[in-house]
Every structure is written in C-alpha cells, then in structure tokens.
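Here the structure comes first, spelled out in structure tokens, and everything after it is commentary.
Nothing in this text is a laboratory measurement; each read-out follows from the coordinates by a stated rule. Predicted model only: the values in this text are computed from it and were never measured. Methodologically, a virtual Cβ is constructed for each residue, glycine included, from the backbone with ideal geometry; neighbour enumeration extends over all protein chains shown.
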Amino acid sequence: MDYFAHESAVIDDGCTIGKETKIWHFSHIMPNCIIGERCNIGQNVVVSPGVELGSNVKVQNNVSIYTGVVCEDDVFLGPSMVFTNITNPRSAIIRRDQYAKTLVKKGASIGANATIVCGHDIGAYAFIGAGAVVTKTVPDYALVVGNPALQIGWMSEYGHRLEFNSEGMATCPESGETYQLENKKVSKLKA
C-alpha cells in the first residue's frame, strides 16, 4: 500500500487511493471511490460509493460525502460539514437513480458545519463560511455565509478577503497576487 489507513478504517472493494493519502479512525470509504494523492481523511468520515476526490483534499472529522460529489484538487472540507444528494428525500421512496451532482472546484474551502444542498457547484477558491447552508451555485473566489448562504465578498487563493478599488483591482496581502473584478466575476491576473 502506498497510503496509510488506520486499523479501524473500512475500505471497500473497488476503491482507488492515491500515494501518501491518510485515512484515520472509524472512517468508511465505500465501493468504487477515487481518492487522489496526499489526501487526509479525518476520523468518522463517510465517503459514499462513486465519490471522487482530487489530490491534496483535506477532509476533517465527521464529514459525510455522498454519491454524486466530486471534489477537485486542494479542496478543504471543514469539520462536520455535509453534502446532500437528493432534493426531496423520503424514507419510504427509493431515489438512488436521482442523485444530483455537486462539483467542488479546485482550492475551495467549506467551513465547519456547513451544508451543501445537492446540484449546486462550488466555484474554484470559493470560501463557504462555517454553518452556511448553500442553496445555489457559488462563483469562483466568492465568500458566502449564512442560512441561506449569501455572498458577502471575494477571497484570494490564499484565503484572504479581497478589497477591490474603484478600478476593480485588489491585491492579496499574503501572496501579493493581483485580482480583477469585472462583470461580477473575479479572475487572478498573471504575474
């Protein structure tokens, strides 16, 4: 094995797990999951059948990642956050053929106890605040908070709030990278 799994973790058949990934106590990786390299799966995590995680994805304790979710590289999933995969669940009605998809794009962070309602993608480097309930698609670099989640600003790739000037330009205080806000979309300018 090129990865580490704690002896209490359960990894079902048909999974692909990348090099240097760590899977901690009492986590369950269900059939046919794809987990990239250098991921960290905290304790008591459930990864449902067919879920795909890119490389360097950090999944904190008590997270549920349900079928239909794809996380690209460098995604952060905070403690006890959860995804849904059916918009109208009922115990007595089986809807396994109706799972909605959710794509979490590269570098996005989802805070502790947040809920992502299925069918709504999370943009690259977006930042979902702790406890937020996301009920619509989140743009790249957006900062959203609350229930229901509302966008209150923009974030840099280093996780700092961007303050745009009158020309629609902002600089990340940590990286020095420059961003442009144009037509309600943020893009990072090349150096």
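Which one is nearest to Ala130 (Cα to Cα) among residues in the stretch 151-183 that are under 22 Å from the mean Cα position of the chain (by Cα) and surrounded by fewer than 14 Cβ atoms within 10 Å (Cβ to Cβ)?
The qualifying residue nearest to Ala130 (Cα to Cα) is Ile152.
Go through the stretch 95-146 and report how many residues are surrounded by 17 or more Cβ atoms within 10 Å (Cβ to Cβ) and of a type in the set (S, T, N, Q).
The number of residues fulfilling the criteria is 3.
Yes or no, residue by residue, for (1) in contact with a Phe, Trp or Tyr (Cβ under 8 Å, 6 or more places away or on another chain); (2) aromatic (Phe, Trp, Tyr); (3) over 24 Å from Tyr99 (Cα atoms):
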| position | (1), (2), (3) |
| --- | --- |
| Asp2 | no, no, yes |
| Ala9 | yes, no, yes |
| Cys15 | no, no, no |
| Gly18 | yes, no, yes |
| Pro49 | no, no, no |
| Glu52 | no, no, no |
| Asn62 | no, no, no |
| Thr67 | yes, no, no |
| Phe76 | no, yes, no |
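Does the stretch 13-26 contain any residue that is small (Gly, Ala, Ser), within 21 Å of Met81 (Cβ to Cβ) and assigned to a loop (DSSP other than H, G, I, E, B)? Steps first, please.
First pass over the stretch 13-26, keeping only residues small (Gly, Ala, Ser): 14, 18.
Keeping just the survivors that are within 21 Å of Met81 (Cβ to Cβ) gives none.
No: zero hits.
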